[in-house]
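Reading through the structure tokens given below for one structure.
The numbers here are math on the coordinates, done by the rules we state, and not lab data. Since we're looking at a predicted model, the values are computed, not measured. Here the Cβ positions follow ideal geometry from the backbone for every residue, glycine too, while neighbour counts run over all protein chains shown.
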Amino acid sequence: MFVTQIMKRDVYTAHPWDKLSRVQRVMREHNIGFVPVVTDGVVVGVLTDRDLLMRGRQVGPEPKRRRVADVMTKAVVACHDNDELPAVLERMANAHVRRLPVLTHARQARLVGVVSIDDLACLVEDCNLVHRILRTQPAAVSSVEPAPIPEGTVLH
């Protein structure tokens, strides 16, 4: 089974210079814990609920002037649309993350969705691997080449 069969295709995105308070409001209103951050069609980071809790109150200017770039995770770990589920789970486990942007497997990789551990948990046979992912602490830094995404998907 491929990741495209279970991923979410309707993805909210943000720009690094969006006001953090606006993106936080959208995340809260739509119960979103993970937002890819894009500029000029390239994924340049992600904003997670954890970023907001850990860094949201500690950095940058006064709260109303903070931008997404002030607290986002700049190192992006992603998977590709032709990845099979065991490979996606392994990537999550190795990177200590619970959500991944899904990119096309092409030279100009584009964002096509997001997959979370919740999407995968009920489908996998290796419960030990899911358990390992859920119990691990987030990695400090991991990286993948920034990937362009289609224009017009930026949240504003």
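Summary table
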{"quantity": "Residues with amide H under 5 Å from that of Leu103, placed H, sequence gap 5 or more", "calculated": "Cys79, His80, Asp81, Val112"}
{"quantity": "Antiparallel content of DSSP bridges confined to region 1-122, in %, to 5", "calculated": "85"}
{"quantity": "Additional length obtainable on full extension of the chain from Lys64 to Met1, 0.36 nm per residue less Cα span", "calculated": "18.3 nm"}
{"quantity": "Approximate spin-label separation Asp10-Gln108, in nm, with each point projected 7 Å along Cα-to-Cβ", "calculated": "2.8"}
